[in-house]
1. How about the stretch A:131-247: which strands (runs of 3 or more DSSP E) wholly inside it have at least 2 residues that are in contact (Cβ under 8 Å) with a residue 60 or more places away in the chain and within 23 Å of A:K31 (Cβ to Cβ)?
2. Where residues in the stretch B:44-63 are at the interface with another protein chain (Cβ under 9 Å from one of its Cβ atoms) and aliphatic (A, V, I, L, M), which of them is farthest from B:G149 (Cα to Cα)?
3. Could you give every pair whose Cβ atoms fall below 7 Å, whose first residue belongs to the stretch B:1-22 and is within 17 Å of B:S153 (Cα to Cα) and touching a residue at least 24 places away in the same chain (Cβ under 8 Å), and whose second residue is β-branched (V, I, T) and in a helix (DSSP H, G or I), counting only separations of at least 6 or pairs across chains?
4. What is the one condition in (1) in contact with a Lys or Arg (Cβ under 6 Å, 6 or more places away or on another chain); (2) surrounded by 24 or more Cβ atoms within 10 Å (Cβ to Cβ) that A:G73 does not satisfy?
5. Being part of a strand (DSSP E or B) and of a type in the set (D, E, K, R) is the filter; apply it to the stretch B:248-269 and report the residue that is surrounded by the fewest Cβ atoms within 10 Å (Cβ to Cβ).
6. From the list B:G35, B:G10, which residue is in a strand (DSSP E or B), more than 9 Å from chain A (Cβ to nearest Cβ) and not aliphatic (A, V, I, L, M)?
7. With the condition kept exactly as written, say whether any residue in the stretch B:113-124 is surrounded by 20 or more Cβ atoms within 10 Å (Cβ to Cβ) and in a loop (DSSP other than H, G, I, E, B).
8. Looking at the stretch B:348-375, which of its residues are at pLDDT below 90 and among the charged types (D, E, K, R)?
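The values are calculated or read from the model by the stated rules, or taken from the named source; none is laboratory data. All values reported here derive from a predicted model rather than from experimental measurement. Glycine also receives a Cβ, built like all others from the backbone with ideal geometry; neighbour counts cover every protein chain displayed.
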Protein chains: 2
Amino acid sequence: MEIIIKKFGGSSVGSVDRIKKVARMIVSSKKKNQGLVVVVSAMGDTTDRLIDMAYKVNPYPDARELDMLLSTGEQVSISLLAMAILNLGNSVVSLTGPQVGIYTDKIHKRARIVEVKTTRIMKELHKNKIVIVAGFQGVNQNNDITTLGRGGSDTTAVALAAALNAKKCEIYTDVDGVYSGDPRMIENAYKLKEISYDEMLEMASLGAKVLHPRAVELAKQYNVKLEVKSSFSDERGTEVKGVDEMEGVLRVSGVTCDKKIAKIAILKVPDKPGVAYKVFNNLSKANIYVDMIIQSIRHDNVNDISFTVPEDDLDETIAIMEKTADELGAEGIVYDKHVAKVSIIGAGMGNKSRVAMKMFQALAEEGINIQMISTSEIKISCLIDLNSAEKAMKAIHNKFLVNGIEIVKKQSVV
Amino acid sequence: MEIIIKKFGGSSVGSVDRIKKVARMIVSSKKKNQGLVVVVSAMGDTTDRLIDMAYKVNPYPDARELDMLLSTGEQVSISLLAMAILNLGNSVVSLTGPQVGIYTDKIHKRARIVEVKTTRIMKELHKNKIVIVAGFQGVNQNNDITTLGRGGSDTTAVALAAALNAKKCEIYTDVDGVYSGDPRMIENAYKLKEISYDEMLEMASLGAKVLHPRAVELAKQYNVKLEVKSSFSDERGTEVKGVDEMEGVLRVSGVTCDKKIAKIAILKVPDKPGVAYKVFNNLSKANIYVDMIIQSIRHDNVNDISFTVPEDDLDETIAIMEKTADELGAEGIVYDKHVAKVSIIGAGMGNKSRVAMKMFQALAEEGINIQMISTSEIKISCLIDLNSAEKAMKAIHNKFLVNGIEIVKKQSVV
């Protein structure tokens, strides 16, 4: 049996009318001898509303009890969607995460899936039923309900696709695909036909909020073919797949921007072995994700160490760094929230220096100063002043993606 | 370990503030080395709101999916109540019906409990945790969520009390006990200190909406001591227990009235064997509950058969009876919705004829005509005109319960 997974987010099932519309979409797409498994999130703002109630009874709600509470959101959507599909005359059954057997570790609020049972789903599919599964939730070994954290329904969909060996996992959302840049900022941004897992990961973690990074990682690990598409139209979306399954890769496929970032520097650190270890070990212990790092050498055997952290972690980072600066005998620290990180992403970057030069040229032509640079296999990022972010993205997009799309043929990538 | 079960209905947990209040009540009643298990219903009008949504997506919502939907209501209450208790510094855990292991038959929307597992609850009680259990819900052998129908949370509480061999099962509600008559109609009605299961059953099925009859039946079967009390005060409520555990029984403990009743008569039925069987067999097949029955003998070998049915079943009863009258060659049918059944209930009725005479006297003194009479071990009911219902109740209450409470000592009952 060919199995297809479809995932609908909270806004797609945000009202009774939308639920009916999704039901019609599902029923009209159902093919004979095809197993259809649909993953849904909680309706619209249900989760926020439940969290509000929780904080009203307890300013520090317990993680286990919060999972118990929040998991009701998806249970409401799956039953209503099942009823709407029954109303169209199709056979259907709804299942919670625990009923499917989506086993997770014991960490509440951000559990990780450890095993997905397929017995119950396969039984229902063989009865020719459409199976509606509650996203975002699972059950741990103690038979307690767990939730998967932000983007959890994407993860549920991909995990099911992997476990059921599905042909495809379609992620329906309120955008109609993955774009070469944010269409709200870059007028001539266009929808990508396909993108590789690694590119999507960079896109996802750099601010394109289409797919949760954990879901993409999982898809990559199990080679699950994803398609991101609109829940409001029938148009083709963007396929996310392995580089070896793509027709050809773009040297640069997209431009992204992260404005929720801050730069911090520890000044005049004595140049001794173990200094960088000391700095970053303290941050790592506090679970702070450090991104770009630069160590610049001054004279007199002292260095400046600069790096970026998520804006939300800045206060904690400052506290840790002030203590660290004291311990190391450094001069002190400085920080700046007024920065943005613009990046180009492309699985076909091959000769990176040429691509990097072109990016730096685009920024130079606009008179934008580059504060920090970092690179990976498939991306190049520049830290710039926050005010220049939009101008920078447009310039880079024009340089690479409008006048100069370069497709690298399959054979030349590997 | 001494175990106490407490059950709070929907209005007791109808808002965040009430949940906090219930949490304080629970915590302040918690004794050392005592196992406390709390059963809660869905908040206020949650169930109605969910049913509304269901009918909006499907005018004939599927029973299984409706159970999936409705069971979220209690899951929200248990998690919020657990959070509120945690906020007071007490150790607590919430459990759904399926998590406890409340196994039911396969009938959705009105499932019957077939087994209650105690392992998980006992494990949590031994960790000195207060255990909050979702009322109204269970799980069937297929691992599907079921609900127990109206009054289901009462049934959950009693079933848990039986399975856990609890010392007592306290039902907190918006009235503070069981009264000798409806206080809204009878000014001098008073709260009963104790009442027997059978009396309570008659009370419950005759219109005193304090406890669901199924819960009382179950309590009787497993000899679970119940106490009905107010969730808004600390006052003693009414204990419901076996006759042999009562200090003494009242000859008459209460007066009730059922206005949702209709009388129907099939006229001039030929007096042949099997006629009554034919009449009531057809009603029984349609699941219509027939209460009072009178067969009056006319001359010429024809009888009139009269009986009462719940008002809601009248239309269906008329249809069935018209067909039956045809088949039997009867003259036709007549019916009357303008009737009420007033009853006196008492485990100590012993010499029934004396009690009955006193009841008839009370009605006669008010000039109220008695249309039908029925009796059981612990009750006497009279069908009267609907307009006289209130007057009748007051007269009966005054006759038996104000001026003449008669307590029958224990030894004289058995």
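1. Values: elements: A:137-139, A:145-147, A:168-173, A:194-196, A:226-230, A:238-241.
Because the criterion is at least 2 residues that are in contact (Cβ under 8 Å) with a residue 60 or more places away in the chain and within 23 Å of A:K31 (Cβ to Cβ), the strands (runs of 3 or more DSSP E) in the stretch A:131-247 that meet it are A:168-173, A:238-241.
2. B:V57
3. Qualifying pairs under 7 Å: B:K6/B:I26; B:F8/B:V22; B:S12/B:V22; B:V13/B:I19; B:V13/B:V22; B:I19/A:V57.
4. (1)
5. Of all residues in the stretch B:248-269, those part of a strand (DSSP E or B) come to B:248-250, B:254-258, B:261-269.
When the remaining residues are screened for being of a type in the set (D, E, K, R), the result is B:258, B:263, B:268.
Numbers: B:D258: 21, B:K263: 22, B:K268: 18.
Ranking the qualifying residues of the stretch B:248-269, first place goes to B:K268.
6. On the way: B:G10 fails: in a strand (DSSP E or B).
On inspection, the qualifying residue turns out to be B:G35.
7. The answer is no, given that none of the residues of the stretch B:113-124 is surrounded by 20 or more Cβ atoms within 10 Å (Cβ to Cβ) and in a loop (DSSP other than H, G, I, E, B).
8. B:K352, B:R354, B:K358
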